Amino acid sequence: MKTIYLSLGSNVGDRERNLRSAIERLAPGVRVLRVSPIYETEPVDYTAQRWFLNLVVEAETGLFPLQLLARIHKIERALGRVRTVPKGPRTIDIDILFHGGTVMRTATLEIPHPRIAERRFVLAPLADLAPSLRHPVTRQTVRELLGAAPPQTIRRLAVGVPPCVPE
């Protein structure tokens, strides 16, 4: 079993429900251990869209990275994700941030996530779960990466509870 970290985001429809549904659909094969608080974040790159709700999930899996990616794509499709506008609105977006200590680069998947250091909306909830986790390539901690990340307006939601961890 490998410890994995997944980033989830939604800015279409009932954003919190989309996050909860995605987490519930990870099983079987992925056992959710912890869920970060939810953050509301301004869009990056394509800014003419609704703000996102983002969180990070810490989980365990026996799935290989490409098997996990296939599972994620299936969940995204089931929740209505349609890839029409790059970086555009989406019901759900799930990214693999880390998969144990795996370092890989294929045409369809790169682990660790190649833009993690640029994404405050990923690093803030990840720091809530694993501030001392080290990036397997740069060896920087999540806390260090967050401190160096470009500015972005994000706010931890005081209201709203992270999605329930499935039993």
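The values are calculated or read from the model by the stated rules, or taken from the named source; none is laboratory data. Since this is a predicted model, take the numbers as computed values, not measurements. All Cβ positions, glycine included, derive from the backbone under ideal geometry; neighbour counts span all protein chains shown.
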Check every one of the helices (runs of 4 or more DSSP H) wholly within the stretch 53-167 and list those with 2 or more residues that are closer than 17 Å to LEU8 by Cβ, modelled with pLDDT of 95 or more and not acidic (Asp, Glu).
65-78, 120-129
Residues in the stretch 40-84 that are of a type in the set (Phe, Trp, Tyr), under 17 Å from the mean Cα position of the chain (by Cα) and surrounded by fewer than 20 Cβ atoms within 10 Å (Cβ to Cβ): how many?
1
Does LEU97 count as closer than 21 Å to GLU144 by Cβ and within 14 Å of the chain's Cα centre (by Cα)?
yes
Looking at ALA70, ALA107, which is the one that is in contact with a Leu (Cβ under 9 Å, 6 or more places away or on another chain) and either within 16 Å of PRO43 (Cα to Cα) or free of Cβ contacts under 8 Å to residues at least 12 places away in the same chain (or both)?
ALA70
Checking the structure you have, find out if any residue of the stretch 95-115 is farther than 20 Å from GLN67 by Cβ and surrounded by 18 or more Cβ atoms within 10 Å (Cβ to Cβ).
no
Exactly one of these conditions fails for GLY80: (1) touching a strand residue (DSSP E or B) at 6+ places or on another chain (Cβ under 7 Å); (2) at positive phi. Give me its number.
(1)
For a quick check of your reading of the model, give me the residue pairs whose first member lies in the stretch 122-140 and is farther than 20 Å from LEU33 by Cα and among the aromatic types (Phe, Trp, Tyr), whose second is modelled with pLDDT under 95 and part of a strand (DSSP E or B), with beta-carbon atoms closer than 7 Å and at least 6 apart or on different chains.
none
